[in-house]
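As structure tokens, the structure follows; a few thoughts come after it.
The numbers here are math on the coordinates, done by the rules we state, and not lab data. Keep in mind it's a predicted model, so treat the numbers as computed, not measured. When we count neighbours, we look across all protein chains shown, and the Cβ atoms used for this are built from the backbone with ideal geometry, even at glycine.
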Ligand SMILES: Cc1ncc(COP(=O)(O)O)c(C=O)c1O
């Protein structure tokens with residue numbers, strides 16, 4: 001996200017300020033040769049100027065041979081003063097070659113676009129997986145911080161994370177029948193970090209994992225980057241399909257199952273109690289560990305969901321993930337892993353090599369959140385609000401999408417997985433929508449074949465904004481249908 005804006009009070013014309021800004025980025029090496037500049041439309045929106053102002057600035061830079069327009073309409077940095085001098089002595093560093101050589105996969109192009117567009121002014125986010133600002137506990141966190149003692153611990157934490165927080169988590173998960181000591185808990189910087197640690201720390205090579213078809217895990221490149229392919233297992237209304245699971249594991253000799261049994265991302269499916277029992281039994285027979293990603297558990301809207309798989313884990317087969325992100329604040333970056341001690345110690349050891357521990361200020365806030373009983377009233381209120389928003393979203397879908405899509409009513413979590421019944425080029429729909437300042441999460445982010453689905457979220461955007469965007473999306477879908 002770009003925070004710089006030209007100064008409208010200055011006597012220097014706007015286009016000249018922009019040209020200076022871009023020139024500085026290039027000369028300082030922040031935008032090395034080969035960098036693609038944001039589109040003119042994006043620059044105009046981020047600098048809050050007309051597109052014609054951008055065109056003048058870019059034309060000037062082009063005339064100096066610093067940037068060049070390419071066929072697809074983009075603009076690329078082709079030269080800078082430092083590079084010119086260095087090229088003369090054959091010392092130019094081709095950073096683009098280094099960038100491409102890294103072992104971690106880049107995000108999917110659409111995710112990169114979403115990550116940037118999410119912070120553009122005026123954008124409406126129809127699929128975002130976090131609570132809207134108005135649902136986050138600003139006052140409570142502010143009061144926790146105000147009461148923080150002046151001698152608050154500011155050093156590095158122990159490898160597994162803050163001891164008091166781990167005790168609080170051990171106490172917190174007891175309500176669902178998970179009995180563990182603080183020794184089998186690792187605090188992580190969001191549950192995504194747990195996935196990263198597991199990918200590099202627990203699986204032999206070559207190896208693969210299985211996960212529900214259409215899964216959050218596919219929208220991040222954590223396992224793929226570690227050289228571990230993800231094989232898809234079908235789902236039905238009760239969760240992961242066990243026959244398909246068995247067949248897939250046998251076919252690929254997979255080393256682990258990743259599942260989101262409670263309010264699955266992106267489909268919203270809640271795994272039934274029976275399926276949970278059967279899954280545990282089957283995995284025990286197959287000697288297959290399970291990663292249970294349970295970050296949406298607290299966001300039930302109708303009935304309390306069945307207990308976590310982990311609560312039935314008598315053999316230590318399950319690695320359990322929880323997080324503050326979805327129920328309270330993702331910005332805190334506090335999550336936890338509950339697993340047998342050797343697993344926790346292995347993951348903690350890698351975490352120490354990765355970041356030497358999560359922020360202890362965040363861990364302090366999370367500890368107080370539970371210790372001072374802020375959690376329960378907050379989560380009850382969040383559920384009430386989400387219930388209202390879910391129902392409003394369902395009404396909107398009924399009004400605008402009834403003849404072009406179907407969907408299930410989610411009983412918790414954030415998402416409605418909308419399956420279009422008409423054929424629409426999803427990528428084009430994404431691009432059309434973004435031009436109109438509407439951001440959608442196409443289904444193909446969660447499963448390459450899910451080209452006719454869209455993940456909508458009722459958690460982030462206000463119902464008023466959702467109404468405008470759903471109405472407009474309908475128009476585009478009709479316009480683009482084949
Ligand atoms: C199923 C699931 N797991 C993990 C995460 C990551 O959450 P965190 O913020 O705890 O890293 C998400 C976020 O979208 C998610 O949907």
key: Likely footprinting exposure, 456, 466, 202, fewest C-beta neighbours within 10 Å first   = 202, 466, 456
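Is it possible to state the helix-based mean residue ellipticity at 222 nm for the chain, with each DSSP H run of 4+ residues giving -39500 (n - 2.57), the sum divided by total residues, to the nearest 500 deg cm²/dmol? What is it?
Values: 18 runs with 204 residues, N = 482.
Dividing the helical sum by the residues of the chain leaves -13000 deg cm²/dmol.
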note = Taking 0.36 nm per residue of separation between residue 359 and residue 419 and subtracting their Cα-Cα distance, the length gained on full extension comes to 17.6 nm
ask   = If you take the square roots of the eigenvalues of the alpha-carbon gyration tensor of the stretch 212-306 and sort them as a ≥ b ≥ c, do you get rounded (a/c under 1.5), prolate (a/b over b/c) or oblate?
value = oblate
note = Exposure proxy check on 445, 394: fewest-to-most Cβ neighbours within 10 Å is 394, 445
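Quick one: length gained pulling residue 221 to residue 482 fully straight, 0.36 nm per residue minus the C-alpha distance?
Working it through step by step, the gained length comes to 90.8 nm.
How much space per residue, in cubic angstrom, does the convex hull of the C-alpha atoms of the chain take up?
188 Å³
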inquiry  = What whole-number volume per residue, in cubic angstrom, does the convex hull of the C-alpha atoms of the stretch 14-102 give?
reply    = 105 Å³
remark   = Per the C-alpha gyration tensor (a ≥ b ≥ c, the square roots of its eigenvalues), the stretch 271-398 is rounded if a/c is under 1.5, else prolate if a/b beats b/c, else oblate; here it's oblate
query = For the pair residue 431 and residue 55, what calculated FRET efficiency results from E = 1/(1 + (r/R0)^6), where r is the Cβ-Cβ distance and R0 = 25 Å, to the nearest 0.05?
reply = 0.75
message = Based only on other Cβ atoms within 10 Å, what is the fewest-to-most ordering of 444, 156?
response = 156, 444
note = Computed curve, the stretch 378-444, Cα-only Debye sum without solvent term, log₁₀ I(q)/I(0) at 0.22, 0.24, 0.29 Å⁻¹, is -1.06, -1.15, -1.29
query = Which residues in the stretch 455-469 have a backbone N closer than 17 Å to a point placed 7 Å from the Cα of residue 395 along the Cα-to-Cβ line?
reply = 458-459, 461-469
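So, by mean Cβ neighbours within 10 angstrom, what's the order for 183-189, 424-430, 109-115 with the highest one leading? All intermediate terms of the calculation are to be shown ahead of the outcome.
Numbers: 183-189: 23.9, 424-430: 17.4, 109-115: 14.9.
For the peptides 183-189, 424-430, 109-115, the packing ranking is 183-189, 424-430, 109-115.
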